[in-house]
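The next block holds one structure in the form of structure tokens; read it before the comments.
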Amino acid sequence: MNSKKRKEINRREFLKKTATGAAGIAVIGMAPRFAWAQKKPVKIGASISLTGKYARTGEEQKRGYELWVAHINNVGYSLGKGHLPHKEPGLIHGRPVELIVLDDRSDPTTGVRLFNELIYNRKVDFLLGPYSSSVSNAVAPVIEESKIPTPIPMASSPKIWKGKHRQWMPQIQPPANLRLPGIVKMAKEKGNKTIAIIYSDAAFPRAAAEGVKERAERYGLDIVLYEAYPKTLTDWIPIVTKAKDRKAEVLAGGGYLPDSIGIVKAAKSINYVPSIISLVVGVALPDFKDSLGNAVLNITGDADWEPGVEYPGAKEYNDAYKKRYGGDAEYHSAGAYGGAQILEEAIKRVGNLKERKAIRDVMYSLDTLTIFNGYKVMPLESPDSGLQAAAKRLLLQWQRVRGELKKVVIYPPDAATGKFIYPFQGW
Amino acid sequence: MDLLPVIYNALIVGIFIGSLYGLIAVGLSLVYGVMRVVNIAHGEFVMLGAFLTFFGWTLLGINPIISIVIALVVLFFFGAIIHQCLVERVIGKPMLSSLMLTFGISILIWNTAQAIFTTNIKAVSYLGGSVTFLGVNISKSYILGFGIAALLVAALFAFLKFTKWGKAIRATSQNDEVALVCGIDTKKVRTLAFALGAAFAGSAGSVISMTWFIFPQMGFNYLAKAFAIIVLGGLGSIPGALIGSLIYGAAESLTGQLLEARMSQVVPFAILATILVVKPSGLFGVRER
Amino acid sequence: MNRLIKQVGLILLIAFSGMMVVAPLVFDRADATLAYLILYFIALASSWNILSGFTGYINFGHAAFMGVGMYATAISIADFSLWWPVSWILGGVFAATFALIVGLPVLRTKGPYFAITMLAVAEGTRVLFGTRYMEPITRAGDGIAFSPGISFQTKYYGMLVTVALCVWVSYKISTSQFGLRLMAIREDEEAAESMGINSTRLKISAFTISAFFAGLAGGIHSTFLHYVDPFHTFNIQFTIIPIVMAVFGGVGTVLGPVIGGTVLQVLNDFIWAHFLQLNMAVFGVLLAALILFLPQGLLEWMKEMRWVEKTRKI
């Protein structure tokens, strides 16, 4: 009976490996084939949202990881990290990276299952964090239990880290409560008195909304509406109508990409023209302009990164992205690349793949820059250990520059490439 | 903030939205009335109509309003095929059979759609503006939805009352055995009813593609609402489905405005539960035959 | 011939049980996880069967009980740091209480009305747990991520015990007067009532027992996931899949959910590995084929073929 079961298990394992090996092969196929036969690859696993609500941005994250793998395997180090030891092709000791990507379908529970699969079945050497605070929040206990140091590039909700003593997962993205930087200050400066904050009922939009709320209170704006909408919402007209009825001069908040498009559409369809519209996530993506066309003019939003920022390797990253995928990069892929760079730096500084604890210690003590942003996390002893403390955010606005619709950085002042156009004119 | 204008506003908008839900619910109720089948795949017909319109618009440049008619026709035949091949076989069998069969069909359709169309959320940017109606600022696409719903439902009523096949449908709903004895081809009647239900759902989906976002799993959301509506109105009763949908739409809209957006999803269920407790067969439902 | 089949069947059953008992000790984590998931879905299918199989009242809201149990356990550990066995049991208790409150009004409806109302209850509960008013308790969309600090083996055996208990209770019901009365309700409720059976009280009892086991299983599973949130916890998948399993194995039988749970979960795992994109579609086709060609389920069919003893006991 046992041998029958064992055969069954082996067959199942074989089939599993074959089926999803197809995904892995596509990635490995990029590495030059000659030298690799001898060197055992370093398996790095990632569960990414390839389908579902976060699919579009999850795809960008995957691209960021893939670019990093390509640079490591072909060149030996990622952009801007040429000063580190172990410069030969491969991660260290000439060992190439094998990226194993699984689709968590934008679903936290699938993410948990997949992380378990990566850790215990595929037996990966390292992990790269998933997309979204929701999924990251759910897999956090699994990562902690596995004691594999894992950078989390695309989770901004500080609740994942605050008071939780996370020992194995540093945050790469700036925390969500810092979203939409400067918008409240500028609204106040322009004389606005009322603000409506609407947000999707999911981990990071909630944290972002809390951040905006706190700043609104601090600057003395009157919060006429502070309301969450179900994350499965597809019709924003009712809630935007509420903001309009309460005469909110500033409309802020949102959720993931579909939300920002939906909110703008809704405002347009009921002819609600606040003085300022400021939404998270979607505004920075090219899809925003593609879907809405001229309707995006003068809408503001935030991004952790834009082509043109001054971090080491950032410009080269945009060029590499353009060459491989066409079009400018945006912050999701940059964040993924930057997150992988932290792992790379920690591994190269320790020099031994098996010393996970040492690698983790380095990750928590690094004070450095990646192509993405500044990096420094709360130390291991802190109750907020792992929380990102150095990364900054930018505020963008879509403006007409020489006849073309472009994203312009309007805040903070030292990174700004244009002036804030006020007020929002409507459609 | 004056309460009265807000309530009035919410009520009017709610009725408009409710009419769109009604278009979906009427089809579901018709199917149940004729063959005592609760079609769980009904939501998928909505989804297919929406995607049809989306691809017609983006790939072929077909005016979405024309797509409503296309969706009507395509889903009519699609529904007829589904019925002939699959659903007809569980007629007369215990309820669990038809529930499970239609559930299986539902999964098959949306998962296949997901594999083909990908899950990225899409929309048709067509009717963007708004008009003022009865003193309320309403999105044009809501008006369209109401118009289409009113048109189709009126047509359905006329069909049921005046045409030979319409009367056959009513006869079969009342008592299918007697209808059979009277010489009515009840199998054809059932196929017709199912096809009509699918067509209505498809046309609703078409309007929805202009109003809201579309994605392969959107069907379930509308199915849940349609269920609540037809149980509220009484299974098998088309007037019940209509009145139920207006009540549902109004309730959803009012709670969204007066309480909060998330509560707007709860209250309709609460209403449903209350009415069922008071009148277990719904507002206009009849006792099982 | 039949005797041989019966003996083989018995051996298979014993071997299967034995394997499930030693799974976490013998298999590697991934396969043991599969065994765990098999147990979880058997628990859901079997608990669903207690009401719907015996009384014929198709419950389309089973996920609500599972979900309430998951939240009860998660909150009791995250906020009150209760000892895990207590939290698990609390999951079952809360779910049973919830069933009692809901059952009193809802069980007055019949047939399709009941099914759809229960669906509405499940959906309504999901949405309710996400609203502002419940937020202080449930954290709404944030979800609750918690660390119960229990080993995999503990969770596994907890689930094993739950399944064993649930199946044993099903067995006890099927061979008792209580069970006979439930089945009388299934056959013809009016006739049963005219014979003096208090169908309301019986239905509520079955409903509550069914909910208890779903809540208990859910509670254990929440500690396995370390995470709950309204959207995923009350997902309709957790109503539908157990129903399909019960139907496959045989509704109203004791071992039906066990067979259905095992076969379909293994199949699901295979499909998931092989046809990732069309995972659910294949499931859908399977379900449709099942209903068209084997509607009474595997076990009942085997009973009809006399391969298995035609008794209520299994």
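The values are calculated or read from the model by the stated rules, or taken from the named source; none is laboratory data. What you see is a predicted model, and the numbers here were worked out from it, not measured in a lab. Quick reminder, even Gly has a Cβ in these numbers, built from the backbone with ideal geometry, and neighbours come from all protein chains shown. Surface accessibility is based on the protein's heavy atoms, side chains included, excluding ligands, DNA and RNA. Shrake-Rupley method; radii C 1.70, N 1.55, O 1.52, S 1.80 Å.
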Sequence ranges A:110-123, C:204-217, B:74-87, ranked by mean other-Cβ count within 10 angstrom, highest first = C:204-217, A:110-123, B:74-87
Solvent-accessible area buried by C and A, counting both chains, probe 1.4 angstrom, square angstrom = 3200
The range C:27-242 - accessible surface per residue (Å², probe 1.4 Å) = 32
When the Karplus curve 6.51 cos²θ - 1.76 cosθ + 1.60 is applied with θ = phi - 60°, which whole-Hz ³J(HN,Hα) does each residue of the range C:249-265 get, with x for Gly and Pro?
-> x, x, 6, x, 9, 7, 8, x, x, 5, 5, x, x, 5, 4, 6, 5
Residues of the range B:32-54 with amide N under 20 Å of the 7 Å Cα→Cβ point at B:LYS187 | B:34-37
For the range A:227-378, what ratio Rg/Rh do Cα atoms give with a Kirkwood hydrodynamic radius?
-> 1.11
Would you list which lysines come within 30 Å of A:LYS190, measuring only between C-alpha atoms, while excluding same-chain residues fewer than 8 positions from it?
-> A:LYS213, A:LYS242, A:LYS244, A:LYS247, A:LYS265, A:LYS268, A:LYS289, A:LYS392, A:LYS406, A:LYS407, A:LYS419
Taking θ as phi - 60°, what are the ³J(HN,Hα) couplings along the range B:157-165 by the Karplus curve (6.51, -1.76, 1.60), each to the nearest whole Hz, with x for Gly and Pro?
-> 4, 4, 4, 5, 7, 10, 9, 4, 5
Which FRET efficiency value, to the nearest 0.05, is calculated for C:ARG3 and C:VAL266 with the Förster distance at 30 angstrom and r the Cβ-Cβ distance?
-> 0.60
Describe numerically, in nm with one decimal, the distance between label points set 7 Å from Cα along Cα→Cβ at A:THR368 and at C:LEU13.
-> 6.2
Between the helical axis of A:55-74 and the dominant principal axis of chain A, each derived from Cα atoms, what acute angle in degrees is found, rounded to the nearest 10?
-> 40
Along Cα→Cβ, 7 Å out, is where each label goes; now give me the distance between the ones at C:LEU100 and B:GLN84 in nm to one decimal.
-> 5.5
Applying the Karplus parametrisation 6.51 cos²θ - 1.76 cosθ + 1.60 with θ = phi - 60° to the phi angles of the range A:370-376, what ³J(HN,Hα) value in whole Hz is obtained for each residue in order, glycine and proline being reported as x?
-> 10, 5, 8, 5, x, 9, 6
Say each of B:GLU177 and A:GLU381 gets a label point 7 Å from the Cα, pointing the same way as Cα to Cβ; how far apart are those two points in nm?
-> 8.5
Sparsely packed trypsin sites (Lys or Arg not before Pro) within the range A:124-168, loop by DSSP, other Cβ within 10 Å at most 14 | A:LYS147
Taking r as the C-beta separation of A:TYR219 and B:LEU258 and R0 as 30 Å, the FRET efficiency to the nearest 0.05 is 0.55
If you add up the charges near A:ALA248, with Lys and Arg at +1 and Asp and Glu at -1, over every other residue whose beta carbon is less than 15 angstrom from its beta carbon, what do you get?
-> +4
The FRET efficiency for B:ILE65 and A:ASN74, from their Cβ-Cβ distance with R0 = 60 Å and rounded to 0.05, is 0.70
